[in-house]
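Here the structure is laid out as structure tokens; the discussion comes afterwards.
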Amino acid sequence: RRIAHLPSDTLIFSAHEYAESNARFALAADPTNPALQERAKRIHDMRAAGHPTVPSTLAEELGTNPFLTLPGHLLGDNAAGMSSVERFAKLRELKDTF
């Protein structure tokens, strides 16, 4: 929650180049998100050209990162009753086995 209150142009630097595998998971979690679809293609193109995908901006992460958007449909029928912490933990569990 804290990160979401930073300025939208805050640069986000991941410690490793995980963007392509994270984009595949994100598309499984949120397949109808047009911003995510566009970002996944851009990530693929950048990696294919040998370019890094970092940094990104907070605005981009808030619109495309399932750990920040916490889409409920991937979590099943119980998602509506889950707290944001429970939803995050369940997404992390799903990502670990993706």
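The values are calculated or read from the model by the stated rules, or taken from the named source; none is laboratory data. On a predicted model such as this, the values are computed, not experimentally measured, just so you know. Positions of Cβ are generated from backbone atoms using ideal geometry, with glycine treated the same way; all protein chains shown enter the neighbour counts. What goes into the accessible areas is simple: the full protein's heavy atoms, side chains included, and nothing from ligands, DNA or RNA. Shrake-Rupley method; radii C 1.70, N 1.55, O 1.52, S 1.80 Å.
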Relative contact order computed over the chain (Cα-Cα under 8 Å; 6+ residues apart), in percent: 31
Semi-axes of the equivalent ellipsoid for the chain, Cα gyration tensor, largest first, Å: 23, 16, 12
Linear extension gain, Arg24 paired with Asp45, 0.36 nm per residue minus alpha-carbon span: 6.2 nm
Note, ³J(HN,Hα) from phi for the stretch 82-93, Karplus 6.51, -1.76, 1.60, rounded to Hz, x at Gly and Pro: 8, 6, 4, 5, 5, 5, 4, 4, 5, 4, 4, 4
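Accessible area per residue of the chain at 1.4 Å probe, in Å²?
66
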Label-point separation, Asp96 to Met82 (7 Å along Cα→Cβ), nm: 1.4
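Sum -39500 (n - 2.57) across every DSSP H segment of at least 4 residues in the chain, then divide by the residue count to get the 222 nm mean residue ellipticity, nearest 500. Provide the component values of the computation, followed by the final result.
Values: 5 runs with 50 residues, N = 98.
When only DSSP H runs of four or more count, the value is -15000 deg cm²/dmol.
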Chymotrypsin sites (Phe, Trp or Tyr not before Pro) within the stretch 1-70: DSSP coil, no more than 15 neighbouring Cβ in 10 Å: Phe13, Tyr18
Amide H contacts of Thr57 (H built 1.01 Å from N, under 5 Å, at least 5 apart or other chain): Ile12
Listed residues Thr53, Thr69, Thr32, most fluctuating in the chain (Gaussian network, C-alpha, under 10 Å): Thr32
Carbon and sulfur %, accessible surface of the chain computed with the full protein complex present, 1.4 Å: 57
